[in-house]
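What follows is a short report on a single structure.
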Amino acid sequence: MIMIKKRAVITGVGAYVPDYILTNDELAKMVDTSDEWIMTRIGIKERRILKGEGLGTSDLGTKAVQQLLEKTNSSPDEIDLLICSTVTPDMQFPATANIISDKVGIKNAFSFDLNAGCSGFLFGLATASKYVESGQYKKVILVGADKMSSIVDYTDRGISPIFGDGAGAVLLELQENENGIQDMILHVDGAGRKHLHQKAGGSVKPASHESITAREHFIFQEGQAVFKSAVSNMADVSVEMMEKHGLTADDIQWLVPHQANMRIINATARRMNLPREKVMINIQRYGNTTDATLPLCLWEWEKQLKKGDKLILATFGAGFTWGSIYLKWAYDS
Ligand code: UT7
């Protein structure tokens with residue numbers, strides 16, 4: 001008798017990006033930059049920005065989760081757990097996951113936030129899949145959402161072109177077949193925090209007049225140091241996953257990479273020997289939405305995905321955090 005393992009599978013994807021489009025040309029009026037520099041060095045043409053008083057990450061996440069529930073014909077009552085991966089929570093506490101659950105009307109679940117920088121969705125997928133595979137939680141939602149514009153310094157040309165706002169959500173359930181999450185390789189190196197962090201607003205340096213004057217509530221990034229680590233680690237961990245499972249480029253249908261810089265994506269694909277057609281890339285239109293990059297890719301490519309397709313998801317982000325997940329897609333759209 002062949003025993004087929006029960007695995008956590010993604011059974012639906014929802015997403016949301018705000019309407020406002022911040023183009024490179026508009027950005028060039030705010031800081032000393034150009035469309036040409038941004039396209040050559042990063043590969044971003046435009047990004048979405050959530051405008052409006054009193055709107056935060058939970059509003060992005062709520063829209064993504066509502067769409068997910070509609071698409072999967074699920075009722076909020078059926079959800080057992082909601083995890084929100086974010087680096088821009090609505091407030092320090094309570095968790096944005098709780099706020100999203102409340103706005104969506106999810107009442108029979110528990111929920112919490114997860115912060116793993118730009119690897120938040122990947123680490124969240126690892127976490128959510130284990131709750132599902134335990135058998136105790138049947139329907140688990142993972143939402144990756146960030147209003148990056150709330151921590152971007154729009155007077156800093158090194159940071160302002162990179163980030164955008166958005167949210168994406170997936171539903172995870174247990175299935176008794178070959179599909180679903182196959183494996184995960186996850187890493188952190190806390191020493192990398194010196195290159196990418198937000199200086200003030202936490203317990204070490206609470207908000208003060210000085211911290212605001214020094215513009216310390218924005219993203220601080222040493223771009224080149226982050227770039228070097230991102231290129232080597234994202235590629236290494238993706239190749240390691242391929243080797244571990246004896247996968248060649250021909251076996252893999254899609255690479256779903258974090259969308260931080262086109263040059264990082266290209267370097268990862270090159271190391272994996274994957275042609276451009278097999279790489280999900282939407283950085284041109286959304287920029288780096290941190291926790292939303294992977295689900296926004298899955299959402300946009302959903303119609304092209306087929307049951308059994310082999311996907312490698314790969315990320316690198318603040319922490320440092322990085323990793324890859326190998327999964328087999330579970331449904332035809
Ligand atoms: O998702 C989380 C992880 N984050 C990442 O993966 C980001 C990784 N890092 C990067 O993507 C790149 O390092 C950046 C896009 C942030 C910067 O690109 P770079 O090619 O590393 O540029 P650089 O910082 O070395 O700067 C080169 C030059 C500098 O001028 P000088 O000193 O050579 O005269 C910068 O001042 O480019 C200048 N520069 C700009 N020029 C025009 C920096 N930003 C801009 C800009 N427009 N927006």
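The values are calculated or read from the model by the stated rules, or taken from the named source; none is laboratory data. None of the values given here were measured: they were computed from a predicted structure. For neighbour counting, all protein chains shown are included, and Cβ atoms are generated from backbone atoms with ideal geometry for every residue, glycine included.
Identify all residues within segment 300-317 that are closer than 25 Å to V87 by Cα and either of a type in the set (S, T, N, Q) or under 12 Å from the mean Cα position of the chain (by Cα) (or both); write none if there are none.
Those that are closer than 25 Å to V87 by Cα and either of a type in the set (S, T, N, Q) or under 12 Å from the mean Cα position of the chain (by Cα) (or both): L313, A314, T315, F316, G317.
With the requirement that a residue be buried (at least 16 other Cβ atoms within 10 Å of the Cβ) and either charged (D, E, K, R) or not assigned by TED's automatic domain parsing to the domain that holds A191 (or both), what does segment 207-244 give you?
Within segment 207-244, E216, D236 qualify.
Select from segment 93-112 the residues that are buried (at least 24 other Cβ atoms within 10 Å of the Cβ) and either under 18 Å from the mean Cα position of the chain (by Cα) or farther than 20 Å from S74 by Cβ (or both) and list them in ascending order.
The answer is T96, A97, I100.
Just checking, how many residues over segment 12-42 are crowded, with 17+ Cβ neighbours inside 10 Å, part of a loop (DSSP other than H, G, I, E, B) and either within 9 Å of the ligand (Cβ to nearest atom) or modelled with pLDDT under 95 (or both)?
Total satisfying the criteria: 2.
For H217, state whether it is in contact (Cβ under 8 Å) with a residue 24 or more places away in the chain, away from the ligand (no atom under 16 Å from the Cβ) and more than 30 Å from S129 (Cα to Cα).
Spelling it out, H217 is indeed in contact (Cβ under 8 Å) with a residue 24 or more places away in the chain, away from the ligand (no atom under 16 Å from the Cβ) and more than 30 Å from S129 (Cα to Cα).
Hey, T268 hits all of (1) polar (S, T, N, Q); (2) in contact (Cβ under 8 Å) with a residue 12 or more places away in the chain; (3) surrounded by fewer than 18 Cβ atoms within 10 Å (Cβ to Cβ) but one; which does it fall short on?
(3)
Just to be sure I understand the filter: pairs with C-beta atoms under 9 Å, separated by 6 or more residues or on different chains, first member in segment 307-324 and not assigned by TED's automatic domain parsing to the domain that holds G117, second member away from the ligand (no atom under 16 Å from the Cβ) and of a type in the set (S, T, Y). Which pairs pass?
These pairs meet every condition: K307/Y331; K310/Y326; L311/Y326; I312/Y326; L313/Y326.
Just to verify a result, which residue in segment 235-288, among those that are among the polar types (S, T, N, Q) and within 16 Å of the ligand (Cβ to nearest atom), is nearest to I181 (Cα to Cα)?
Result: S238.
Mind telling me which of the residues G164, G168 ends up being within 18 Å of the chain's Cα centre (by Cα), within 14 Å of the ligand (Cβ to nearest atom) and not β-branched (V, I, T)?
Among G164, G168, only G164 is within 18 Å of the chain's Cα centre (by Cα), within 14 Å of the ligand (Cβ to nearest atom) and not β-branched (V, I, T).
Can you find a residue that is away from the ligand (no atom under 16 Å from the Cβ), part of a helix (DSSP H, G or I) and under 22 Å from the mean Cα position of the chain (by Cα) anywhere in segment 114-124?
The answer is no; no qualifying residue exists.
Within segment 189-201, how many residues are in a loop (DSSP other than H, G, I, E, B) and loosely packed, with under 15 Cβ neighbours inside 10 Å?
Going through segment 189-201 one residue at a time, the tally reaches 1.
If you scan segment 289-315, which residues turn out to be away from the ligand (no atom under 16 Å from the Cβ) and under 17 Å from A15 (Cα atoms)?
Within segment 289-315, L298, W299, E300, W301, E302, K303, Q304, L305 qualify.
Any chance segment 171-186 includes a residue that's in the same structural domain as S58 (by TED's automatic domain parsing), in contact with a helix residue (DSSP H, G or I) (Cβ under 9 Å, 6 or more places away or on another chain), buried (at least 24 other Cβ atoms within 10 Å of the Cβ) and in a loop (DSSP other than H, G, I, E, B)?
no
Can you pull out the residues in segment 151-166 that are in a loop (DSSP other than H, G, I, E, B) and under 26 Å from T62 (Cβ atoms)?
Across segment 151-166, the qualifying residues are I151, V152, Y154, I162, G164.
Can A318 be described as on the phi < 0 side of the Ramachandran plot, among the small types (G, A, S) and within 14 Å of the ligand (Cβ to nearest atom)?
When the stated conditions are applied, A318 passes them.
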